[in-house]
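Chemist: Before I ask anything, let me first share the structure, which is written out below as structure tokens.
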Amino acid sequence: MPQALEQLRVEVEACRGCTLWQGRANLVFGVGNPQARVLVVGEAPGAEEDAQGEPFVGRSGKLLTEMFAHAGLAREDVYIANILKCRPPGNRNPLPEEIQACTPWLREQTRIINPEFIVTVGNFATQFILKTDLGVTKLRGRVHEAGRFKVYPVFHPAYALRNRNTVLPQLEEDFRTLGQLLNAKGA
Ligand code: URA
């Protein structure tokens, strides 16, 4: 990990901005290519991520990693992080005060990595990055803007796993479109 991200990780390890650090096994800072064109932002670590200290390594993560191939990407090509860096108990939804406390770290990661695309995974990441109340269903599969970043919302893979016949094909389609956007001239 390059120095700027390594230094940031040390700061995040020591963060006591909310209470979630008390229940974690591991900090889930983020992983991947520090010079990625694509930053993938999920919601929060689950049990498997907490155990391994790495985002998207459980069932959802395995599906997400498969989805990258539809965009011509390997997991190692992108950088993967979450809105929350510590696991909420019982995988409950992030609380507004936790999002407020934790997202300055994501902002700093984004500033260091300086991606071209931010792929927001699910409602929490999409609504935080786009500052909207609209759900991902209305926003998915199209490019939006947040500052200088192209923001591309997709369904959460956990939702696709629960709806294999309907949502999974849409998730695949959205990643194929992302691949086209990445390959487009001038992109
Ligand atoms: N779901 C998320 O949103 N992030 C993870 O890291 C794992 C599951």
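Chemist: For region 1-24 and region 136-187, what is the separation of their C-alpha centers, rounded to whole Å?
Modeler: Computed from Cα coordinates, the inter-centre distance equals 29 Å.
Chemist: Could I ask something else about it? Please list, in order along region 44-58, the HN-Hα scalar couplings obtained from phi with the Karplus expression 6.51 cos²θ - 1.76 cosθ + 1.60 (θ = phi - 60°), rounded to whole Hz, x for Gly and Pro.
Modeler: Using θ = phi - 60°, the values come out as 6, x, x, 4, 5, 5, 4, 5, 9, x, 9, x, 6, 10, x Hz.
Chemist: How far, in degrees from 0 to 90, does helix 167-183 lean away from the longest principal axis of the Cα atoms of the chain, to the nearest 10?
Modeler: So the helix axis and the longest Cα principal axis differ by about 80 degrees.
Chemist: Determine the relative contact order of region 3-184: mean sequence separation of Cα pairs under 8 Å and six or more apart, normalised by residue count, in whole percent. Mind dumping the intermediate values first?
Modeler: Details: 323 pairs, mean separation 44.3, N = 182.
Relative contact order of region 3-184: 24 percent.
Chemist: How compact is region 41-187 by the rule of thumb for globular proteins, expressed as Cα Rg over 2.2 N^0.38 Å?
Modeler: Working: Rg = 14.4 Å, N = 147, 2.2 N^0.38 = 14.7 Å.
This ratio for region 41-187 stands at 0.98.
Chemist: About the Cα centre, and with charges only on the beta carbon of Lys, Arg (+1) and Asp, Glu (-1), how big is the dipole of the chain? Nearest 20 debye, please. All intermediate terms of the calculation are to be shown ahead of the outcome.
Modeler: Numbers: 22 positive and 20 negative charges, 80 e Å.
Dipole magnitude for the chain comes out near 380 debye.
Chemist: Then there's this: Just to be sure I understand: of the beta bridges DSSP finds with both ends in region 3-184, what percent are antiparallel, rounded to 5? Before the final figure, lay out each step's value.
Modeler: Details: 5 of 18 bridges.
If we restrict to bridges inside region 3-184, about 30 percent are antiparallel.
Chemist: Still on this structure: For region 3-184, which whole-number percentage of the solvent-accessible area (1.4 Å probe, protein heavy atoms only) is attributable to carbon and sulfur atoms? Don't jump to the answer; show the numbers that get you there.
Modeler: Values: 4140 of 8660 Å².
It is 48 percent, rounded to a whole number.
Chemist: To continue, here is another question. Which of Leu8, His70, Trp21 sits closest to the plus end of the dipole of the chain, meaning its Cα is farthest towards the positive end, when Lys and Arg get +1 and Asp and Glu get -1 on the C-beta?
Modeler: Selected residue: His70.
Chemist: Given a Förster distance of 25 angstrom, what is the FRET efficiency for His70 paired with Gln35, based on the Cβ-Cβ distance and rounded to 0.05? Show your work: numbers first, answer last.
Modeler: On the way: r = 22 Å, r/R0 = 0.89.
It comes to 0.65.
Chemist: Another question, then. When the helices in the chain are scored as -39500 (n - 2.57) per DSSP H run of 4 or longer and the sum is shared across all residues, what 222 nm value do you end up with, to the nearest 500 deg cm²/dmol? Numbers along the way, then the final one.
Modeler: Numbers: 8 runs with 83 residues, N = 187.
Helix-only estimate at 222 nm: -13000 deg cm²/dmol.
Chemist: Let me ask something additional. What are the trypsin sites (Lys or Arg not before Pro) within region 94-169 that DSSP puts in a loop, where the Cβ has at most 11 other Cβ atoms within 10 Å?
Modeler: Numbers: sites: Arg107, Arg111, Lys131, Lys138, Arg140, Arg142, Arg148, Lys150, Arg162, Arg164; in loops: Lys131, Arg140, Arg142, Arg148, Arg164.
The qualifying sites are Lys131, Arg148, Arg164.
Chemist: Taking R0 as 35 Å, what FRET efficiency do you get between Asn165 and Ala14 from their Cβ-Cβ distance, rounded to the nearest 0.05? Show your work: numbers first, answer last.
Modeler: Working: r = 45 Å, r/R0 = 1.30.
Using R0 = 35 Å, I get an efficiency of 0.15.
Chemist: Per residue, how large is the accessible surface of region 3-184? Use a 1.4 angstrom probe and give square angstrom.
Modeler: Result: 48 Å² of accessible area for each residue.
Chemist: Sticking with this one: How much length would be gained if the chain were fully extended between Arg92 and Leu134, taking 0.36 nm per residue of separation minus their Cα-Cα distance, in nm to one decimal? Working shown, then result.
Modeler: Working: separation 42, 0.36 × 42 = 15.12 nm, distance 2.05 nm.
Extra length available between Arg92 and Leu134 comes to 13.1 nm.
The values are calculated or read from the model by the stated rules, or taken from the named source; none is laboratory data. These figures come from a predicted structure and were not determined experimentally. Cβ atoms come from the backbone with ideal geometry, glycine included; neighbour counts cover every protein chain shown. To get the accessible areas, we keep the full protein, side chains included, count just its heavy atoms, and leave off ligands, DNA and RNA. Shrake-Rupley method; radii C 1.70, N 1.55, O 1.52, S 1.80 Å.
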